[in-house]
Amino acid sequence: MRDIVEEPAREAGLLLCAAGGLKASDLIGAPEAPLGAAARRVSEFAARRAAGEPLSRILGRREFWSLSLAISPDVLDPRPETETIVAAALAAFAERRGQALRVLELGVGSGALLAALLSEFPASRGLGVDISQSAAAVARGNLDRLGLGERAEVRVGDWGVGLDGLFDLVVSNPPYVRSGEIAGLAREVRDHDPRLALDGGADGLEAYRAVVPQIARLVAPSRGWFFVEVGAGQAEAVKGLAAEAGFADLAILPDLVGIARVVGGRLIARPTRR
């Protein structure tokens with residue numbers, strides 16, 4: 001089956017504006033104006049889109065939680081379903097939005113989640129961690145451009161290894177696609193998102209086995225919450241891993257199309273070491 005562009009007119013307009021340095025109002029006011037030197041760039045953009053490169057990759061940016069984020073080949077393209085984590089955090093901290101929370105994002109990528117959360121919790125400070133130096137640089141750039149850099153730090157590291165201190169909120173969107181299913185993904189994902197951000201191992205749960213125990217070590221007991229994104233059909237398994245790590249008040253939250261997308265909970269007490 002051929003890939004279908006769902007909104008071709010909208011995408012064509014955005015590519016035209018990007019190629020020619022135009023505004024949408026320019027297209028409305030002078031739709032027949034010659035493109036001049038930009039015509040070749042329009043053709044290049046159109047060819048890239050026809051070959052399956054996502055619009056966001058061509059433009060080099062993506063909107064997430066109404067924030068404009070730069071993206072690169074080194075980071076996952078943020079998607080609307082991940083905003084479910086932001087909504088869940090806002091509900092959990094509804095009475096504490098003005099407090100100085102400590103926020104941690106494991107696998108920070110573009111910085112989408114950390115930026116959205118810091119924008120909603122204006123007195124909070126955040127830390128983002130990513131194993132990729134290139135991804136960490138993208139996240140730092142986005143946080144700085146959004147005016148959040150003074151309240152955020154981005155480190156290169158392996159999930160929560162080496163971190164100490166307690167956080168009020170820990171979020172993560174780890175890789176969760178089964179290794180054997182990556183070849184069958186839509187080409188916009190398969191060919192353009194970094195494999196490091198997609199590959200969750202043979203059963204898709206490899207990253208959760210590594211990160212959930214670390215989250216349990218880093219979340220503040222009683223007052224702290226965690227929220228992680230999961231793939232379709234994985235919520236119960238991840239919920240089980242969280243229960244084993246000592247989390248309670250566990251919930252599975254759907255995204256806007258009803259797919260179980262986020263597992264969250266809080267730590268009642270610090271787990272005892274065996």
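Data for the structure
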read-out: Alpha-carbon gyration tensor eigenvalues x 5, square-rooted, for segment 73-267, Å; value: 23, 20, 15
read-out: Spatial extent of segment 164-222: Rg and Dmax, with the Cα atoms as the point set, Å; value: 14.3, 43
read-out: Computed over segment 76-134, Cα set: Rg, Dmax in Å; value: 11.6, 36
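Read-outs: derived from the displayed coordinates by stated rules, not from any lab. As the structure is a prediction and not an experimental result, all values here were calculated from the model.
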